[in-house]
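Each remark here refers to the structure printed beneath this line.
The values are calculated or read from the model by the stated rules, or taken from the named source; none is laboratory data. The shown structure was predicted, so the numbers you read here are calculated from the model rather than taken from an experiment. Cβ coordinates were reconstructed from backbone atoms using ideal geometry, including for glycine residues, and neighbour counts include every protein chain displayed. All accessible areas refer to the heavy atoms of the entire protein, side chains included, with ligands and DNA or RNA removed. Shrake-Rupley method; radii C 1.70, N 1.55, O 1.52, S 1.80 Å.
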Amino acid sequence: MFLPGLRLTSGDLTVRPIRMRDARALDRENLMNRGWLRQWEATLPGGFVSLDARVNIRSLLAYARTGGGLPFVMEVNGELVGQINVSGITWGSMCSASIGYWVSERVAGQGFTPRAVALVTDYCFRELGLHRIEICIRPENAASLRVVEKLGFRFEGRRERYIHIAGDWRDHDCFALTADEAATGVLNRLLAQ
């Protein structure tokens with residue numbers, strides 16, 4: 001399901017599986033982007049959240065081994081600029097998953113995130129055989145709302161007090177796309193705009 005050598009590419013953008021040796025670059029990106037990312041990052045209610053990339057990568061890789069998720073990094077011209085994770089993979093009668101992502105402020109707004117989400121969504125539909133992908137976004141996150149709009153994800157409703165972020169339970173708007181809605185490919189549709 002998840003091949004370490006997998007490479008999803010679109011021009012100067014590569015999406016590939018996360019690996020332990022990404023820890024230093026992820027620590028650097030998280031430190032440089034603290035103010036930019038903090039307002040959107042999940043937290044644990046009353047608990048400690050580790051910012052240590054090695055701990056987080058180990059957890060993501062263990063989850064991937066169970067078949068529940070696919071952790072990726074985004075690279076532009078070989079430089080790590082963000083992360084994209086497929087989580088909550090459910091098989092059987094649902095064949096669905098959720099996608100979450102972040103990107104460095106220095107490359108935000110340059111079209112890398114929509115392409116990365118499109119690449120991963122196409123992979124999930126075409127290679128894994130998933131039927132439905134969901135993305136949940138805080139209503140005030142204008143940049144992420146533009147991503148799902150560009151990709152044709154449809155609004156399904158608001159989930160009140162859905163995820164603990166920045167010390168409180170935050171509402172999220174839910175967007176989804178099914179494989180039959182993206183028969184020609186999400187990336188193809190994006191690039192045709």
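Residue separation times 0.36 nm, minus the C-alpha to C-alpha distance between Arg54 and Gln39: what's the value? Don't skip to the answer; put the middle values down first.
Working: separation 15, 0.36 × 15 = 5.40 nm, distance 2.20 nm.
Roughly 3.2 nm would be gained on extension.
Accessible surface of the range 39-91, 1.4 Å probe: 56 percent of it comes from carbon and sulfur atoms.
Using 0.36 nm per residue of separation minus the Cα-Cα distance, give me the extension gain between Thr66 and Glu181 in nm, one decimal.
Full-extension gain reported as 38.6 nm.
Computed over the alpha carbons of the range 55-193, Rg followed by Dmax gives 14.7, 41 Å. Placing +1 on each Lys and Arg Cβ and -1 on each Asp and Glu Cβ, with no other charges, gives the chain a dipole about its Cα centre of roughly 360 debye. Peptides 126-137, 78-89 ranked from most to least packed give 78-89, 126-137, packing being the mean of other C-beta atoms within 10 angstrom over each peptide's residues. Surface composition of the range 92-193: carbon plus sulfur atoms contribute 48% of the solvent-accessible area (1.4 Å probe, protein chains only, all chains present).
Computed from the Cβ-Cβ distance with R0 of 22 Å, the FRET efficiency linking Leu31 to Gln110 stands at 0.55.
Only one residue of Asn188, Ala42, Val76 has its Cα farthest out toward the positive end of the dipole of the chain, where Lys and Arg carry +1 and Asp and Glu -1 on Cβ, and that residue is Val76.
Averaged per residue, what accessible surface does the range 49-193 expose to a 1.4 Å probe, in Å²?
Values: 6760 Å² over 145 residues.
Value returned for the range 49-193: 47 Å² of accessible area per residue.
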